[in-house]
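The numbers here are math on the coordinates, done by the rules we state, and not lab data. Only a predicted model underlies this, so the values are computations on that prediction, with no experimental measurement involved. As a convention, Cβ positions derive from the backbone with ideal geometry for all residues, glycine included, and neighbour counts pool all protein chains shown.
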Amino acid sequence: MPIGSMYENGTYLARNPTWHAEDSPWKAKQIINMLRRNHVKPTTVCEIGCGAGEILRCLADEYGGDVDFSGYEISPQAYEICKEKERPNLHFLLENLVEREAAIDRAFDLVLVIDVIEHIEDCFGFLRQMRTKGEFKLFHIPLDVSVESVLLGFILDGRASAGHIHYFTKETALAALQDTGYTIIDSCHTCGYIDLPNPRWKANLLKIPRGMFFALHQDWAARIMGRCSLLVLAK
């Protein structure tokens, strides 16, 4: 089965029944912190690949009716989940925004691309096409390549479960954005593995040394122990 079809035929939902909605409040917090740090105050926001729509719902709760939010999703199953969250300033569309003709596109102040590009076969073509969709772009990119993931052999764990087909380090993620015409404004590491609850006691025990290492030096923690992501604000 082509890996790209898993999002439209129900396979992804079967493997990830919540569509990772439980992580969305944490992701929304990272987004808000990045925008405030760089004094970005959008009035129109869209998310490409919005999944269950929970990130946008959290942002709509934070910003209120002064900001208009639009979520674009290609999965019919995810769309059924997120459309129930609509409100006057929060809308969802079962549509691929990137493939629309530029002449009929709406320009957004901010485009969110949260944990998306690692899933897309032609991620460079995707990045080039979406540059015109808004003024600011905010990416969240998993950094699947680390010393730990390579040595212990679990670098491909996210391929079958979550559909990751590209594997990034901080350097290759930033290079991909710059090579496709983006100007980097700000970037920082995030680590949901440390911040978010985990039902496995061994994973929770490992949070202590990971958290200490991450606090000491984020770049080295991401390179060596992994399980981090990169949040990038760009134009």
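Of the residues H140, H189, I208, the one whose Cα sits farthest toward the positive end of the charge dipole of region 90-235, with +1 on the Cβ of Lys and Arg and -1 on the Cβ of Asp and Glu, is I208. Each Cα pair of region 101-235 feeds into the Kirkwood radius, which the Stokes-Einstein equation turns, at 4 °C and 1.567 mPa s, into a diffusion coefficient of 81 µm²/s. For region 13-149, the equivalent ellipsoid built from the Cα gyration tensor has semi-axes of 20, 18, 18 Å, listed from largest to smallest.
For W220, W19, the sequence from fewest to most other C-beta atoms within 10 Å is W220, W19. Per residue of the chain, the DSSP helices (runs of n ≥ 4 H) give a summed -39500 (n - 2.57) that works out to -10500 deg cm²/dmol at 222 nm. Using the alpha carbons alone, the radius of gyration of region 157-235 stands to its Kirkwood radius in an Rg to Rh ratio of 1.02.
Note on T180, T132: ascending count of other Cβ atoms within 10 Å places them as T132, T180, the fewest first. Binning every alpha carbon pair distance of region 139-184 at 10 Å from zero, what are the percents per bin? In whole percents, the pair-distance histogram is 26, 48, 23, 3. Computed from point charges on the beta carbon alone (+1 for Lys and Arg, -1 for Asp and Glu), the dipole magnitude for region 183-234 about its Cα centre is near 340 Debye. In region 1-65, the alpha-carbon atoms span a convex hull of 103 Å³ per residue.
Here the chain is treated with +1 on each Lys and Arg Cβ and -1 on each Asp and Glu Cβ, and its dipole about the Cα centre works out to around 700 debye.
Magnitude of the charge dipole for region 105-203, about its Cα centre and with charges confined to Cβ atoms of Lys, Arg (+1) and Asp, Glu (-1), is about 120 debye. Calculated translational diffusion coefficient of region 60-123 (10 °C, 1.306 mPa s; Stokes-Einstein with Kirkwood radius over alpha-carbon pairs) equals 119 µm²/s. The separation of region 1-67 from region 136-181, counted between C-alpha centres, amounts to 18 Å. Within the chain, all pairs of alpha-carbon atoms sorted by distance into 10 Å bins from zero give the percentages 7, 32, 39, 19, 3, 0.
Taking 26 Å as the straight-line reach from the Cα of K83, the lysines in range (excluding those fewer than 8 positions away in the same chain) are K27, K29, K41, K133, K137.
Note on the chain: dipole from Cβ charges, positive end direction compared against I165, F92, M34; the farthest Cα belongs to M34. Annotation: the residues K41, K137, sorted from fewest to most other C-beta atoms within 10 Å of their own C-beta, follow the order K41, K137.
Think of the chain as a dipole: +1 on every Lys or Arg Cβ, -1 on every Asp or Glu Cβ, centred on the Cα centre; then among C228, Y79, P25, C228 lies furthest on the positive end.
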